[in-house]
Amino acid sequence: MTALAQAQIANTTAVEGDHRVKGRRITPYLLLIPGLLWLVMFFVVPMVQLAIVSIESKFPGYPGYYYLDWNVFNYANALSEFWPQLLRSFLFAGLATIMAFLIGYPLAYAMAFKAGRWRNVMMICVVAPFFTSFILRTIAWRQILADEGPIASTLNALHLLPGGHITETWVAVVAGLTYNFLPFMTLPIYSSLERVDPKVIEAGGDLYANGLTTFRRVTLPMSMPGVLAGTLMTFIPAAGDYVNADLLGSDIDTKMVGNVIESQFFRVPGGFPTAAALSFTLMAIILLMLFAYTRRFGTEELL
Amino acid sequence: MMALFSKTSGSFREAKGDLRLEAVTKKFGDFTAVDDLSLTVPRGSFFALLGPSGCGKTTNLRMIAGLEQPSQGRILIGDTDLTGSRPYERPVNTVFQSYALFPHLTVRDNVAFGPKRRGLPDAMEKADAALKLVQMGHLAGRKPPQLSGGQQQRVALARALVNEPEVLLLDEPLGALDLKLRREMQVELKRIQTRVGLTFIHVTHDQEEAMTMADTIAVMNKGRIEQMGTPASLYDLPRTAFVARFLGQANMFEAEVVSSTADTLTLERAGHHFTLPRKRAAVETGTVLYGVRPEKLFLSEKAPTDLPSRMVTLGPGRIIDVSFTGVSTNYIVDVPGFGAASAFEQNLDVDPVHNRPGDECWLSWDQGHAFTVATETAEASTP
Ligand SMILES: Nc1ncnc2c1ncn2[C@@H]1O[C@H](COP(=O)(O)OP(=O)(O)OP(=O)(O)O)[C@@H](O)[C@H]1O
Ligand SMILES: [Mg+2]
């Protein structure tokens with residue numbers, strides 16, 4: 001096409017655009033209203049409420065009553081007292097994310113490329129756990145990992161278990177987190193691998209890359225959107241989780257920040273501000289990490 | 001361009017020479033996709049593999065590329081037996097039917113992928129040179145999803161060419177393009193092939209594409225090669241009914257061989273006799289198919305007289321359809337005892353169409369343009 005013809009086409013679109021500009025400017029915002037209302041009701045309102053609680057103080061003499069005095073020391077106090085639990089949360093969530101990735105990626109890969117007619121069966125196996133309650137399944141794991149259960153007793157018989165227990169240790173908590181969030185890792189990775197054209201992988205082989213190199217240079221980068229989504233969907237809820245630490249961990253050295261928040265809210269008299277401050281801190285750290293993570297992997301590798 | 005490619009590394013196999021397939025068979029379960037196929041493609045030639053959908057063209061290419069292993073037979077380049085080796089070990093590259101570009105890499109990185117895997121230090125320069133060759137240098141920074149079909153096709157070509165493979169396989173690379181772009185790309189592909197001098201194996205089911213581009217065409221049918229030769233020789237003298245119909249059009253009717261001399265053959269049908277040179281007959285006895293191409297037929301309103309003896313005349317017949325195509329006018333003529341025949345007449349006059357449906361007419365042609373092939377039933381019964 002000639003430059004002239006192109007310019008003419010550009011002109012026509014510009015003129016048409018002028019007529020419609022008004023309508024076009026308003027419509028998108030109108031369409032946003034239902035979503036915005038939803039956000040305000042279910043996200044902004046509780047957030048503001050929580051933020052307010054996190055800077056309140058106890059009303060002296062009236063247990064269970066608080067007043068707003070912009071007490072930012074709540075944050076300092078909460079952090080100085082509970083930083084080990086906070087740190088542990090990220091450590092456990094990180095370990096669980098790595099484990100879930102190491103298990104979930106090959107699983108998703110097998111489902112996408114190797115399963116053939118077994119693909120649907122595998123898919124059902126991955127999502128089947130969702131049909132029963134999260135708590136029930138975690139309690140079941142407590143039975144499986146218990147001292148008299150098959151795993152611990154076998155390992156003990158072989159003298160392979162230092163300390164003699166699996167439950168009440170960090171291993172059980174990380175294992176529980178890994179297990180519970182595995183589908184959240186597997187499914188996004190599967191859905192991005194499924195979109196990889198097998199011909200593209202063949203092209204890697206055709207262009208002098210052996211199996212491993214093709215995986216590293218072609219398949220893995222192409223599945224990065226799924227890996228990114230999967231790690232976030234595992235790490236974020238795992239960092240805030242308290243059920244696994246509660247049911248599989250000990251009372252001393254495996255508590256996570258979720259457990260602290262839970263007990264400050266429900267069991268410690270006057271603990272509301274501390275719980276709210278911890279919740280906010282947790283959220284802020286996760287948001288920061290999310291930002292750094294998507295900056296690092298999101299823009300470079302995904303597009 | 002030749003300077004682009006020099007050293008290799010890893011398990012890559014150096015091999016130079018003609019590509020040879022020796023009695024290659026590929027079975028999927030009990031279905032035979034490629035059946036005892038042997039062929040030699042001379043080094044540096046443009047070879048077209050032509051055939052209908054499902055005849056085994058892609059399977060054949062995939063075996064040459066190493067993406068599929070033959071059930072039987074050998075694949076060699078020069079004297080190097082490549083049977084059983086992995087795709088990344090072969091000096092062969094493919095332009096896939098669907099391009100299969102790496103969507104996460106830029107155009108330049110796509111093209112540099114092969115040279116980088118082979119550890120060439122100047123991979124990027126090679127990529128740029130190859131992109132320039134296919135006139136895509138200005139879009140080197142884009143990602144494949146941001147390109148048009150024709151542009152993606154060029155990138156796929158550059159990505160394969162940059163490796164200067166001994167054999168370049170093209171699997172219907174122009175299939176997704178519109179007619180005009182397709183014609184342009186055909187010319188360009190041919191230009192590039194002449195320039196780089198690599199062996200190109202071009203798969204297509206477009207006979208016109210194969211004829212305009214290739215030095216040699218192999219017509220495939222049901223996993224076998226029916227006939228192989230230059231485009232002109234295949235068109236002029238098809239040796240099977242399938243080739244006659246697949247490459248261009250042909251008027252064909254059954255006739256009996258009634259007599260023969262040392263170098264001619266005479267056939268009979270419905271009281272008419274046709275003589276043709278013996279060297280143009282693929283079968284010389286019994287019931288055969290006698291064929292002649294539509295553009296070889298002359299149409300006349302009166303019974304032609306004073307024709308040289310090498311001319312054959314058939315008629316009278318009746319015109320049942322006339323269609324004007326620009327370059328020529330195509331007539332369908334019903335000849336009693338023979339059925340419908342089609343004749344293409346070049347439009348040399350200003351007002352060319354003066355014959356109307358229903359008009360009586362005679363057909364004549366030079367017996368040197370006729371050919372005989374086996375009838376399809378006879379063909380089907382031979383193993
Ligand atoms: N992996 C496979 N498993 C089973 N059958 C296959 C396989 N690949 C190809 N075939 C069969 O082999 C035959 C030849 O297939 P091929 O892809 O080579 O055809 P083609 O000539 O390239 O056709 P097209 O022009 O449609 O691309 C087809 O009948 C096809 O169904
Ligand atoms: Mg094909």
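Let me confirm something: among B:Thr40, B:Thr58, which residue is within 14 Å of chain A (Cβ to nearest Cβ), closer than 29 Å to B:Ala241 by Cβ and not basic (Lys, Arg)? Reasoning before the result, please.
On the way: B:Thr40 fails: within 14 Å of chain A (Cβ to nearest Cβ).
That would be B:Thr58, the only listed residue that is within 14 Å of chain A (Cβ to nearest Cβ), closer than 29 Å to B:Ala241 by Cβ and not basic (Lys, Arg).
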Residues being assigned to a helix (DSSP H, G or I) and more than 12 Å from ligand 2 (Cβ to nearest atom): count how many of those fall in segment B:44-76. 3
Restrict the check to segment B:57-72 and report whether at least one residue is among the hydrophobic types (A, V, I, L, M, F, W, C), farther than 22 Å from B:Gly223 by Cα and within 16 Å of ligand 1 (Cβ to nearest atom). no
From the residues in segment B:42-56 that are surrounded by 16 or more Cβ atoms within 10 Å (Cβ to Cβ) and of a type in the set (Gly, Ala, Ser), which one is farthest from ligand 1 (Cβ to nearest atom)? B:Ser45
Among the residues of segment B:80-99, is there at least one that is crowded, with 19+ Cβ neighbours inside 10 Å, aliphatic (A, V, I, L, M) and facing chain A (nearest Cβ under 9 Å)? yes
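Return yes when B:Pro165 is in contact (Cβ under 8 Å) with a residue 40 or more places away in the chain, in a loop (DSSP other than H, G, I, E, B) and within 16 Å of ligand 1 (Cβ to nearest atom) and no when it is not. Give the steps one after another, and end with the answer.
Numbers: in contact (Cβ under 8 Å) with a residue 40 or more places away in the chain: yes; in a loop (DSSP other than H, G, I, E, B): yes; within 16 Å of ligand 1 (Cβ to nearest atom): no.
No: the conditions fail for B:Pro165.
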Here are B:Arg183, B:Arg154: which of them is among the basic types (Lys, Arg), buried (at least 23 other Cβ atoms within 10 Å of the Cβ) and assigned to a helix (DSSP H, G or I)? B:Arg154
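From the set of residues in segment B:192-206 that are within 16 Å of ligand 1 (Cβ to nearest atom) and crowded, with 22+ Cβ neighbours inside 10 Å, which is farthest from the other protein chains (Cβ to nearest Cβ)? Explain how you work it out, then say what you get.
As a first pass, look at segment B:192-206 and keep what is within 16 Å of ligand 1 (Cβ to nearest atom): B:201-206.
Add one more test, that the residue is crowded, with 22+ Cβ neighbours inside 10 Å, and what stays is B:201-204.
On the way: B:Ile201: 14, B:His202: 16, B:Val203: 15, B:Thr204: 18 Å.
Of everything passing the filter in segment B:192-206, B:Thr204 is farthest from the other protein chains (Cβ to nearest Cβ).
What residue, among those in segment B:94-115 that are within 16 Å of ligand 1 (Cβ to nearest atom) and assigned to a loop (DSSP other than H, G, I, E, B), is nearest to B:Ala33 (Cα to Cα)?
Let us first name the residues in segment B:94-115 that are within 16 Å of ligand 1 (Cβ to nearest atom), namely B:94-100.
If we keep only those that are assigned to a loop (DSSP other than H, G, I, E, B) as well, we get B:97-98, B:100.
Numbers: B:Gln97: 18, B:Ser98: 21, B:Ala100: 23 Å.
Among those residues, the one meeting the criterion is B:Gln97.
For segment A:247-259, indicate whether the set of residues that are within 14 Å of another protein chain (Cβ to nearest Cβ), of a type in the set (Asp, Glu) and surrounded by fewer than 24 Cβ atoms within 10 Å (Cβ to Cβ) is non-empty. Working first, answer last.
Taking segment A:247-259 first, the residues within 14 Å of another protein chain (Cβ to nearest Cβ) are none.
The answer is no, given that none of the residues of segment A:247-259 is within 14 Å of another protein chain (Cβ to nearest Cβ), of a type in the set (Asp, Glu) and surrounded by fewer than 24 Cβ atoms within 10 Å (Cβ to Cβ).
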Among the candidates B:Glu166, B:Glu209, which residue alone is among the charged types (D, E, K, R) and buried (at least 22 other Cβ atoms within 10 Å of the Cβ)? B:Glu166
When the residues of segment B:168-180 are filtered to those that are more than 16 Å from ligand 2 (Cβ to nearest atom) and either part of a helix (DSSP H, G or I) or under 14 Å from the mean Cα position of the chain (by Cα) (or both), which remaining residue is farthest from the other protein chains (Cβ to nearest Cβ)? B:Leu179
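Which ranges mark the helices (runs of 4 or more DSSP H) fully within segment A:120-215 that have 3 or more residues being closer than 30 Å to B:Tyr88 by Cα? Working first, answer last.
Working: elements: A:134-145, A:150-157, A:170-194, A:198-206, A:211-214.
Correct list: A:170-194, A:198-206, A:211-214.
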Condition broken by B:Leu39, with the remaining ones in (1) more than 8 Å from ligand 1 (Cβ to nearest atom); (2) modelled with pLDDT under 95; (3) not in a strand (DSSP E or B) satisfied: (3)
Out of all the residues in segment A:234-246, is one or more under 26 Å from A:Ile124 (Cβ atoms), within 15 Å of the chain's Cα centre (by Cα), outside any helix (DSSP H, G or I) and in contact (Cβ under 8 Å) with a residue 60 or more places away in the chain? yes
Criterion: among the aromatic types (Phe, Trp, Tyr) and within 14 Å of another protein chain (Cβ to nearest Cβ) - qualifying residue of A:Tyr190, A:Tyr109, A:Tyr179, A:Tyr208: A:Tyr208
Checking B:Thr106 against (1) within 14 Å of another protein chain (Cβ to nearest Cβ); (2) more than 16 Å from B:Thr59 (Cα to Cα); (3) surrounded by 20 or more Cβ atoms within 10 Å (Cβ to Cβ), which test does it fail? (3)
With the checklist (1) away from chain B (no Cβ under 14 Å); (2) under 30 Å from A:Ile286 (Cα atoms) in hand, flag the one item A:Thr154 doesn't pass. (2)
Please go through segment A:70-118 and give me each residue that is surrounded by fewer than 20 Cβ atoms within 10 Å (Cβ to Cβ), under 29 Å from A:Val227 (Cα atoms) and small (Gly, Ala, Ser), ordered by number. A:Gly94, A:Ala110, A:Ala115, A:Gly116
Residues (of a type in the set (A, V, I, L, M) and modelled with pLDDT under 50) located in segment B:1-26: B:Met1, B:Met2, B:Ala3, B:Leu4
B:Pro91 fails exactly one of the following numbered conditions: (1) within 16 Å of ligand 1 (Cβ to nearest atom); (2) within 17 Å of B:Ala15 (Cα to Cα). What is the number of that condition? (1)
Can you find a residue in segment A:59-72 that is in a helix (DSSP H, G or I), free of Cβ contacts under 8 Å to residues at least 12 places away in the same chain and farther than 27 Å from A:Ile252 by Cα? no
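The values are calculated or read from the model by the stated rules, or taken from the named source; none is laboratory data. Keep in mind that this is a model prediction, so the values were computed, not measured. Note that we place each Cβ from the backbone using ideal geometry, even for glycine, and neighbour counts take in every protein chain shown.
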